[in-house]
Ligand code: HEM
């Protein structure tokens, strides 16, 4: 139900959906606030394009991570926010595109010329169209109408996420830390889908995936700097071995994986109170609280 996304099909309020919706509006609200205060720097429209692009990218990854997190954290209600999160990503992409058009002062000739001659924009457009197709096919009626085809169509979400990562990487001028981390998260998620059911929640298996993703990020970063910029790739790799002073994207990726494992262990073995915090609340919270 797109018109009342905080409710379920029977019209009951679902707190986790309402919370997700509120959280999704925060980056747009902060961006509007910065814009109103003139805090977006000398090229405000371009800065706003960057902020919305970053949030679109983050939300795409969060949406993809919800299925693994639902299993790993044993948190079934996360399924309720998958659609909201995906639509949120689409909304930030739409804003990103509108801001780009405004930045070019509605000069359609220039917009079309740039969009079809710059590789990173061609890739961005393909990703946006793919995301739009997934969004349109996510309404209740379309899900029912598409049946089994829906699942097949939604397998495109990973290739689309790869396209967004490439778009992000190609427009980056110097430091590729952000896109490298995004690819690391994507790599972790892909590897997770290869795990057997028995290992999908196993702490050691999850840590091993974290280590593999960190190695992948370090290797990809070194390869990019070596091939695309001519920098000494050995020095980039070496920087990944000593991360105590300056943490690299591979270290950040590993810390994210570590945090997920720590949360999963807390959920499994932590104090029972953790099971009663808001994400466990049903649409009638008093029922849970009176247990
Ligand atoms: C799913 C679709 C898309 C996603 C997830 C996405 C995401 C991003 C990200 C993460 C950045 C870099 C932000 C940063 O480094 O701070 C970016 C930059 C940018 N994107 Fe997109 N984007 C998408 C589609 C598009 C489309 C369709 C266009 C326009 C046709 C576009 C135009 C731009 C521009 C102009 C920049 C800034 C480049 C610069 O300042 O040099 N993007 N985008």
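Readers should treat all values here as calculations from the given coordinates under stated rules, not as data from a laboratory. Since the structure is predicted, the reported quantities are computational estimates derived from the model, not experimental observations. Heads up, the Cβs are rebuilt from the backbone with ideal geometry, glycines too, and the neighbour counts pull from every protein chain shown.
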Task: Stretchable slack from residue 244 to residue 227, in nm (0.36 nm times residue separation minus alpha-carbon distance) - done: 3.5 nm
- [ ] May I ask you to compute the full-extension gain from residue 67 to residue 162, defined as 0.36 nm times their residue separation minus their alpha-carbon distance, rounded to one decimal in nm?
- [x] 32.4 nm
TODO: Mind giving me the FRET efficiency for residue 262 and residue 109? R0 is 45 Å, r the Cβ-Cβ distance, nearest 0.05 is fine.
DONE: 0.25
Open item on the list: If N is the number of residues in the chain, what value comes out of its Cα radius of gyration divided by 2.2 N^0.38 Å?
Closed with: 1.09
Task: Förster-model FRET efficiency, 30 Å R0, residue 129 and residue 211, C-beta, rounded to 0.05 - done: 0.25
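What full-extension length gain, to one decimal in nm, is calculated for residue 140 and residue 198 as 0.36 nm per residue of separation minus the Cα-Cα distance? Kindly include the intermediate steps, with their values, before the conclusion.
Details: separation 58, 0.36 × 58 = 20.88 nm, distance 3.19 nm.
Residue separation times 0.36 nm, minus the Cα-Cα distance, leaves 17.7 nm.
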Open item on the list: I'd like the distance separating the alpha-carbon centroids of segment 27-70 and segment 207-221, in whole Å.
Closed with: 26 Å
Open item on the list: Which of 158, 246 has the fewest other C-beta atoms within 10 Å, and how do the rest follow up to the most?
Closed with: 246, 158
TODO: Averaging sequence separations of C-alpha pairs under 8 Å and six or more residues apart, then dividing by the length of the chain, give the relative contact order as a whole percent.
DONE: 17 percent
TODO: Note down the relative contact order for segment 1-104 as a percent, whole number, built from C-alpha pairs under 8 angstrom at least six residues apart.
DONE: 30 percent
Open item on the list: For a protection proxy built on the mean count of beta-carbon atoms within 10 angstrom, sort 98-111, 52-65 highest first, please.
Closed with: 52-65, 98-111
